[in-house]
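Below is one structure; the comments refer to it alone.
The values are calculated or read from the model by the stated rules, or taken from the named source; none is laboratory data. Computed from a prediction, not measured in an experiment: that's the story for all the values here. Note that we place each Cβ from the backbone using ideal geometry, even for glycine, and neighbour counts take in every protein chain shown.
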Amino acid sequence: TKNPPHRPYTLLPMNSKGIILGEIILGFELEFSIDGSTLAVGGYDLVRDFGFVKVYDVRELFYVDCTVEKPEKIGNGFCDVNEPYYSEECGYDGGDCGLPVLVEGYDNCMVPEPTFIGNGFCYVDGVLPFSSEKCGFDGGDCPIPSPVEGYPNCLVSFPERIADGTCLDSLPYNSYECGFDGGDCLPPEFAQTFTL
């Protein structure tokens, strides 16, 4: 089994109740390989009188290509269907969401909840993957994305949401092209200095 990102040591020695035996491990050690592809976990179990080393493939243990503002939302038990959380790189929200389903009538539209497409409501201000060309801009429920003044490569369904004081933490709004929602999704110390 894979460990969720917030619990990387689940597979260490445990007692019968599933509690990690950290208080009896001597010389607990974590070490990455030179290229960063493996993580070795080792130590000595005082109660059982044996040493252990477990080597993990980092790509199986963590979502190394998953870049999100709030990593604690990955694998938290709640399905966040918005990209980038709902993406292959983030393990479809760390396994909280099911795999994408092909939407009938749209050749390449794969979403977690097909009933959201064309239901008469633009899903969460037109975020991806719902408001994409391949999904017919939420089955026609969302306005076709338009450019945002000051961000020439930023195309969103609701330009007024950019730099409105509230972070819309989903693509395409929280992206480099859109200035990380016009600075709304940046920490205050970065928001003042960030420019495209």
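If I ask for residues that are touching a helix residue (DSSP H, G or I) at 6+ places or on another chain (Cβ under 6 Å) and either modelled with pLDDT under 85 or more than 19 Å from Pro129 (Cβ to Cβ) (or both), which ones from segment 170-195 would you list?
Correct list: Gly183, Leu186.
Hey, does segment 24-34 have a residue that's at pLDDT 85 or above, touching a helix residue (DSSP H, G or I) at 6+ places or on another chain (Cβ under 9 Å) and either assigned by TED's automatic domain parsing to the domain that holds Asp184 or among the β-branched types (Val, Ile, Thr) (or both)?
No.
So that you can scan it fast, the table gives a plain yes or no per residue for (1) modelled with pLDDT of 90 or more; (2) within 22 Å of the chain's Cα centre (by Cα); (3) hydroxyl-bearing (Ser, Thr, Tyr):
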| residue | (1), (2), (3) |
| --- | --- |
| Tyr86 | no, yes, yes |
| Val103 | yes, no, no |
| Arg161 | yes, yes, no |
| Leu168 | no, yes, no |
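Within segment 46-56, which residues are surrounded by 11 or more Cβ atoms within 10 Å (Cβ to Cβ) and modelled with pLDDT under 80?
Leu46, Val47, Arg48
Filter segment 57-68 down to residues that are surrounded by fewer than 17 Cβ atoms within 10 Å (Cβ to Cβ) and in contact with a Pro (Cβ under 9 Å, 6 or more places away or on another chain), then give me how many there are.
Qualifying residue count for the region: 1.
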